[in-house]
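Worksheet for the structure shown next.
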Amino acid sequence: MSVSPPPDAPILVTGAASGIGAEVVSRLLAAGRRVIALDRTPIASSPAEGILVALTDRRAVDELAADLPPLAGLVNVAGVPGTAASDVVWQVNLLGLRALSEQVMGRMVPGATVVNVSSAVAEGWRARLPLLNRLVQAPDWPAV
């Protein structure tokens with residue numbers, strides 16, 4: 001027997017101001033879902049609840065997560081390209097999303113779903129497994 005989350009529980013979408021994140025928000029809203037849209041830039045006019053947060057700011061991520069209601073889902077789309085400074089790439093694409101995800105897991109309602117969107121950078125991950133294992137174990141920004 002599957003459990004469906006309540007329709008009024010929101011779905012949290014990161015990277016919601018543009019591209020894939022904005023399209024996910026649009027489709028969820030069209031399906032009648034409540035959406036909390038996160039991004040570091042303002043969300044264009046939308047009935048979604050837009051929240052500005054930089055995933056590079058651990059304190060802001062912690063405060064945001066503490067104030068969220070119970071969630072029906074988490075869609076992690078936020079990410080910066082590999083052409084950005086490497087510390088920013090790791091802070092956003094790994095640490096920021098990991099910190100947010102870990103903190104909201106306790107706020108997920110039964111039947112909730114988590115979706116993580118990755119880029120082509122993930123291709124060939126097996127060749128970088130030792131490095132990736134060390135990064136996954138990194139406790140904070142300075143360790144990365």
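Can you find even one residue in the range 118-137 that is outside any strand (DSSP E or B), surrounded by 15 or more Cβ atoms within 10 Å (Cβ to Cβ) and in contact with a Gly (Cβ under 8 Å, 6 or more places away or on another chain)? The answer is no, given that none of the residues of the range 118-137 is outside any strand (DSSP E or B), surrounded by 15 or more Cβ atoms within 10 Å (Cβ to Cβ) and in contact with a Gly (Cβ under 8 Å, 6 or more places away or on another chain).
Residue check: is Thr56 surrounded by fewer than 16 Cβ atoms within 10 Å (Cβ to Cβ) and either of a type in the set (Ser, Thr, Tyr) or within 14 Å of the chain's Cα centre (by Cα) (or both)? Reasoning before the result, please.
Numbers: surrounded by fewer than 16 Cβ atoms within 10 Å (Cβ to Cβ): no; either of a type in the set (Ser, Thr, Tyr) or within 14 Å of the chain's Cα centre (by Cα) (or both): yes.
For Thr56, the condition - surrounded by fewer than 16 Cβ atoms within 10 Å (Cβ to Cβ) and either of a type in the set (Ser, Thr, Tyr) or within 14 Å of the chain's Cα centre (by Cα) (or both) - is not met.
Looking at Val77, Val109, Val25, which one is within 30 Å of Pro142 (Cβ to Cβ) and either in contact with a Ser or Thr (Cβ under 6 Å, 6 or more places away or on another chain) or among the β-branched types (Val, Ile, Thr) (or both)? Break it down into steps so the answer makes sense when it comes.
Working: Val109 fails: within 30 Å of Pro142 (Cβ to Cβ); Val25 fails: within 30 Å of Pro142 (Cβ to Cβ).
Selected residue: Val77, the only one of Val77, Val109, Val25 that is within 30 Å of Pro142 (Cβ to Cβ) and either in contact with a Ser or Thr (Cβ under 6 Å, 6 or more places away or on another chain) or among the β-branched types (Val, Ile, Thr) (or both).
Residues in the range 1-48 that are surrounded by 18 or more Cβ atoms within 10 Å (Cβ to Cβ) and in a helix (DSSP H, G or I): Gly21, Ala22, Val24, Val25, Leu28. Among the residues of the range 59-114, those identified as assigned to a loop (DSSP other than H, G, I, E, B), at pLDDT below 90 and crowded, with 16+ Cβ neighbours inside 10 Å are Gly79, Val80.
For the range 59-80, residues that are within 12 Å of the chain's Cα centre (by Cα) and of a type outside the set (A, V, I, L, M, F, W, C) total 3.
The values are calculated or read from the model by the stated rules, or taken from the named source; none is laboratory data. These figures come from a predicted structure and were not determined experimentally. Virtual Cβ from ideal backbone geometry, glycine too; neighbours counted across all protein chains shown.
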